[in-house]
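To keep things clear, I will list the structure first and then write my remarks on it.
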Amino acid sequence: MSLTETTVLAALAPRPARFYPQIGSTNDAAMEWLSQGAKHGSVVIVDEQVKGRGRLGRTWHTPPATALILSVILRPDAAHLPQLTMLGALAICDMLDHLDMEHVSIKWPNDVLVNGKKVSGVLPEVLWEGKRLTGVVLGMGINVRIDFSGTDLAHHAISIESALGRPVQRLDLLKDLLERIDFWFSHLGTDELFENWKRRLTTLGQSVQVENEGRIVTGVAYSVDSAGALLVMDSTSKLHRILAGDIGLGSTG
Ligand code: BTN
């Protein structure tokens, strides 16, 4: 079934939802709605996103009818902000498990991988009013049937349908994903959320190269802490705490 305003709003009722056939960025639309007082759990969904934003200033383009593109508005306690990144990736992993997808993992901090290739990216953005947290927009892009074959991304990206070898309905995925977001939201601040995220991380124990404050740190991804920071041990056994960055596999030499 194709995504239309009628099908999406009916499937999600009574959750407040906005659907657009095409938009620049769902995160921008959700941020605006949040600033106008959107309720916790409200969601913006699009069929095609033409100016999507990724982490670290990258772009995230999505052709029509090929992906699940959404931004969920959440109103957590500020103390739980570090777990919002974990929550998004974890909810997507659970949704993929439910499809009997195999080899699902998380590449730190929140890329969801299938067979080592990226199936989804998560971009949380926070809105403050002075020192008061207004809320969070949790943007998610999930490749459902984008054909990466023959493109530069063929070795790095994958879609749900090609991994499963069967078609899926985006509307079913959407409903399931939102339930899992609700579930993990109710577990914010718990060890259960942190431990589940950590268990899924494929990065731990690997040799990595990661940029930290303008410098490249090379070492072994030793662990993560409860704020979601990656702890990298270099060849002199010094631990580097990295809060955000882009990881590449590298040698520790
Ligand atoms: C990443 O770089 O891995 C994060 C990508 C996040 C993309 C999603 S798509 C829905 C939401 N709207 C955006 O503009 N970006 C996020």
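The values are calculated or read from the model by the stated rules, or taken from the named source; none is laboratory data. Source: prediction; values computed, not measured. When we count neighbours, we look across all protein chains shown, and the Cβ atoms used for this are built from the backbone with ideal geometry, even at glycine.
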Residues of the range 8-40 being of a type outside the set (S, T, N, Q), surrounded by fewer than 18 Cβ atoms within 10 Å (Cβ to Cβ) and in a loop (DSSP other than H, G, I, E, B), in sequence order, are Ala13, Pro14, Arg15, Pro16, Gly24, Gly37, Lys39, His40
When restricted to Leu96, Leu138, Leu127, Leu133, the only residue surrounded by 22 or more Cβ atoms within 10 Å (Cβ to Cβ) and over 11 Å from the mean Cα position of the chain (by Cα) is Leu96
Picking from Glu179, Glu211, the residue that is loosely packed, with under 15 Cβ neighbours inside 10 Å and not in a loop (DSSP other than H, G, I, E, B) would be Glu179
Note: among Gly37, Gly24, just one is at pLDDT 95 or above and at positive phi, namely Gly37
Of the residues in the range 201-222 that are within 20 Å of the chain's Cα centre (by Cα) and modelled with pLDDT of 90 or more, the one that is nearest to Leu87 (Cα to Cα) is Leu201
Reported set for the range 67-101 where residues are in contact with a Pro (Cβ under 6 Å, 6 or more places away or on another chain) and either at pLDDT 95 or above or within 13 Å of the ligand (Cβ to nearest atom) (or both) is Thr85
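Based on what the data block shows, is Arg58 without any contact (Cβ under 8 Å) to a residue 40 or more places away in the chain, crowded, with 18+ Cβ neighbours inside 10 Å and of a type in the set (Lys, Arg)?
Working: without any contact (Cβ under 8 Å) to a residue 40 or more places away in the chain: yes; crowded, with 18+ Cβ neighbours inside 10 Å: no; of a type in the set (Lys, Arg): yes.
When the stated conditions are applied, Arg58 does not pass them.
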